[in-house]
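**Q** Got a structure for you, questions after.
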Amino acid sequence: MSMNKILKSSAVVLFTYIILCASLANATPLFTAEESNIKQLIYIFDEDRSVLNRRYSVQNSDEYFERFERFYSDWHDRLDAIDFDNLSHRNQVDFHLLKSHIDRHVYFLDQSKQEFESVRDWLPDLDDIMEFINDRRSGKQPNAQQAANRMDNWSREIGEL
């Protein structure tokens with residue numbers, strides 16, 4: 001290849017690169033800061049909910065219901081603080097989708113809580129069971145004799161029902 005052809009092809013590559021950079025510099029971003037914030041809220045909500053589900057693994061417990069009721073209430077407050085009228089149309093749609101998503105979770109949480117309340121009287125000492133579960137979750141070394149006595153009591157209570 002001659003030196004002249006190399007220079008010409010280099011000039012074409014350089015020219016293409018300059019045009020591409022200039023067009024990207026003037027391009028509108030895919031998402032405005034506002035839009036990426038709503039998308040970020042959706043991501044944060046889902047991640048926070050996943051973390052809470054891992055932390056509160058016993059879903060049929062007062063502890064679980066109280067924590068998730070507070071979680072959803074906090075998210076409703078967070079959405080109420082957003083100035084909906086100043087959102088772009090795309091963000092308003094995302095806002096409604098997130099609110100609907102949260103409302104759906106609240107509905108099913110309420111349904112689960114009602115089911116739990118309807119069978120609560122048929123369960124052994126829930127406070128004692130949750131204390132045992134929380135001690136295990138935190139890595140506390142259980143007293144073997146005490147744990148065996150607890151489980152015997154639970155078994156006896158269930159048998160008496």
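**Q** Could you tally the net charge around Ala81, taking each other residue with its Cβ under 14 Å from the Cβ of Ala81, Lys/Arg +1 and Asp/Glu -1?
**A** My count for the surroundings of Ala81 gives -3.
**Q** While we're on this one: When N counts the residues of segment 41-156, how does its alpha-carbon radius of gyration compare numerically with 2.2 N^0.38 Å, as a ratio?
**A** Rg over 2.2 N^0.38 Å, computed on Cα atoms: 1.42.
**Q** Give the order of Glu160, Glu117 when sorted by the count of other beta carbons within 10 angstrom, beginning with the fewest. List each step's numbers first, then the result.
**A** Values: Glu160 7, Glu117 11.
Least crowded to most crowded, the residues run Glu160, Glu117.
**Q** Determine the gain in length on full extension of the stretch Asp62-Ser118; use 0.36 nm per residue of separation and subtract their C-alpha separation, reporting nm with one decimal.
**A** Working: separation 56, 0.36 × 56 = 20.16 nm, distance 1.32 nm.
So the chain would gain 18.8 nm between Asp62 and Ser118.
**Q** Under 15 Å from the Cβ of Arg70, count the other residues' Cβ atoms, weight Lys and Arg +1, Asp and Glu -1, and hand me the total.
**A** Numbers: positive: Arg49, Arg55, Arg67, Arg78, Lys113; negative: Asp48, Asp62, Glu63, Glu66, Glu69, Asp74, Asp77, Asp110.
Every neighbour counted, the sum reads -3.
**Q** Is the shape of segment 106-161 best called rounded, prolate or oblate, per the rule: a/c under 1.5 gives rounded, else a/b larger than b/c gives prolate, else oblate, with a ≥ b ≥ c the square roots of the Cα gyration tensor eigenvalues? Spell out each step's value before the answer.
**A** Numbers: a/c = 5.10, a/b = 1.45, b/c = 3.52.
Verdict is oblate for segment 106-161.
**Q** Here is a further query. Which net charge results when you count Lys and Arg as +1 and Asp and Glu as -1 among the other residues whose beta-carbon is under 11 Å from that of Glu117? Before the final figure, lay out each step's value.
**A** Numbers: positive: Lys113, Arg120; negative: Asp62, Asp110, Glu115, Asp121.
That works out to -2.
**Q** List Ile129, Ile38, Ile158 from most exposed to least, where exposure is judged by having the fewest other Cβ atoms within 10 Å.
**A** Working: Ile129 16, Ile38 22, Ile158 11.
Ascending Cβ contact count within 10 Å gives the list Ile158, Ile129, Ile38.
**Q** Let me ask something else. Mind checking which aspartates and glutamates have their C-alpha under 17 Å from Lys113, skipping anything on the same chain fewer than 8 residues away?
**A** Straight-line reach from Lys113, under 17 Å: Asp62, Glu63, Glu66, Glu69, Asp103, Asp121, Asp127.
**Q** Suppose R0 equals 30 Å; then what is the FRET efficiency for His105 and Asp83 from their Cβ-Cβ distance, rounded to the nearest 0.05?
**A** Values: r = 24 Å, r/R0 = 0.80.
Once rounded, the FRET efficiency stands at 0.80.
**Q** Let me ask something else. Between Asp128 and Ser155, what length in nm is gained on full extension when 0.36 nm per residue of separation is reduced by their alpha carbon distance? Walk me through the numbers on the way to the answer.
**A** Details: separation 27, 0.36 × 27 = 9.72 nm, distance 1.30 nm.
Length gained, Asp128 through Ser155: 8.4 nm.
**Q** So what's the gap between the Cα centers of segment 118-161 and segment 38-65, to the nearest angstrom?
**A** 25 Å
Just so you know, all these numbers are worked out from the coordinates, no wet-lab data involved. Please read these numbers as outputs of a predicted model, since none were measured by experiment. Reconstructed Cβ throughout: ideal geometry from the backbone, glycine too, with neighbour counts over all protein chains shown.
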